[in-house]
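Where a number appears in this text, it was derived from the coordinates with a stated rule and is not lab data. This is a predicted model, so every value here is computed, not measured. Neighbour counts are summed over all protein chains in view; Cβ atoms, including those assigned to glycine, are modelled from backbone coordinates with ideal geometry.
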Amino acid sequence: AYKSQTRIYSRTSGDLTLKMTTVSSEGKETTTQATYKLNGQDYPSMGNPDFDSLSGMQIDPNTVEFTLKRAGKPVGKIRRTVSENGKTLTINFLLTNANGVQTSALTVFDKQ
């Protein structure tokens, strides 16, 4: 569980970049950043101890699925869906963290 999470997405000539700042329930702040394409290839992710790369595929115009990896091995899945009006982001994930504990969550974000 975490106290807060801010996600900033940007696009530059076909590349997508995510900068995500999370504050844990204990108050520890972590910043994760990745630049990737939605082509199924692995791209490095920095700042999160639970995974070090990700690959994503566009499922439909509003939905993307990601595979998260650590040391080349799959450790999680994320399904990210943006609402039709573009104001709500829903993220459903299942992940085995760096401590070997399986976690899952359904998180809903409102665009600010």
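Extension gain, Gln33 to Thr17, is 5.0 nm, computed as 0.36 nm per intervening residue step minus the present C-alpha separation.
Highest-first packing order for the peptide set 51-63, 4-16 is 51-63, 4-16, based on the mean count of other beta carbon atoms within 10 Å. Of the options (1) 35, 31, 22; (2) 64, 25, 17; (3) 43, 29, 24, only one is Cα extents along the principal axes in Å as computed from these coordinates, and that is (1).
How many lysine pairs in the chain, separated by 8 or more positions in sequence or lying on different chains, have Cα atoms less than 21 Å apart? Close lysine pairs under the 21 Å cut-off: 14.
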